[in-house]
Structure formats: structure tokens, C-alpha cells
1. Please arrange 76, 94 by counting, for each residue, the other beta carbons lying within 10 Å of its beta carbon, fewest first.
2. For 162, 63, what's the fewest-to-most ordering of other Cβ within 10 Å of each Cβ?
3. Separation between the residue 93 and residue 51 pseudo-spin-labels, each 7 Å from Cα along Cα→Cβ, expressed in nm?
4. What whole number of Å gives the distance from the Cα centroid of the range 1-21 to the Cα centroid of the range 121-173?
5. If each of residue 162 and residue 39 carries a label point 7 Å out from its Cα toward its Cβ, how far apart are those two points in nm?
6. So what is the relative contact order for the chain, in percent, with contacts set as C-alpha pairs under 8 Å and at least six apart?
7. With the radius of gyration and the Kirkwood radius both derived from the Cα set of the range 2-166, what is their ratio Rg to Rh?
8. Residue separation times 0.36 nm, minus the C-alpha to C-alpha distance between residue 6 and residue 100: what's the value?
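Taken together, the values in this text are just the output of simple stated rules run on the coordinates, not laboratory data. Here the structure is a predicted model, which is why all the values come from computation and not from measurement. Neighbour counts run over all protein chains shown; Cβ positions are idealised from the backbone, glycine included.
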């Protein structure tokens, strides 16, 4: 069963189940900042036989590109467990429906080894430099250059040019 729930409507049981799935799927490397980044938007939940087997979140962020602020559907906390059962693709199908329906561009930071999964779905790796609009001004984020992906919807973007995200604690992309 696929459901879409806003953070404000999550029950404590759903919240705990999401956290447990993310901890399992990321091998214990999913921190509090990572979870914080996934809150405040829509959660796609995939349940099978009463167990949560897939999750993804779409939160609104601002991306800055060529003098414009783009309303981005930023994808966070995509996880499926057990792997290899198609749960991740089901999550992303619904995530992409949300992004296409409400935003001018989709964006995400792919974990190591996940880039090909997103490319097969039509996401494009950002080829230009990345940055963050930090409290001290525009700051390059070269560690994120190879993991940033976009899904252009209504935004005319040049993927070879600079793109910057809005500031947040933890990993900015």
C-alpha cells in the first residue's frame, strides 16, 4: 500500500517506523540532522504485510541558479528495505509525481552508489559547481558536485553552471 502523509499528520508510530527503516536501510548512518531535513513536507510510505518497506520525503527548498530562485521539491530520506524488491522505485514514482505537480525543479543528493538508479529514472547529475547560500555568503560545496541530481520540470537550467541551495544545519545538500 502506498500512502502520502504530511509531516504534521504523521502519527508517533509512523514516525518511529520511518526512523527504524532509515536506520536499517542506511546501516546506522542516518543521523538526527538527516531526519530533520526530511521533515516539513510530504512523506511517501510503502507498506507491505503491515511492515514499512519504503520511504521518501519531498520538502520545499530554494535553489539559486543564474540569478533566479527556483522553488524546488527536494527529495530526502529515500530508503527501501529489504533492497532489490522494487520498493525504492515505487517510492520514487510517487515522489516524482509530487515534484512534477508542485515544483519547478526536483533536486536531491544521491548517496554513494545510488546515482545510476536516479539516472535511469530521468534525473540528471548536475555538472557545474555547487554552493550554499550560507550565513557568511555564497560558499562553494565541492564535495557535493558529483552527488547532486536534478529533475527539471518548468525551470530552464544550464547544468554546467553554478547552482546553490539555501542554508540548513548538517549536510547542506
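1. If I rank by nearby Cβ atoms, fewest first, I get 94, 76.
2. Ranking 162, 63 by Cβ neighbours within 10 Å, fewest first, gives 162, 63.
3. 2.1
4. Using only Cα atoms to place each centre, the spacing works out to 28 Å.
5. Rounded to a tenth, the inter-label distance reads 3.3 nm.
6. 20
7. Taking Rg over the Kirkwood Rh, I get 0.96.
8. Gain on extension, residue 6 to residue 100, equals 32.1 nm.
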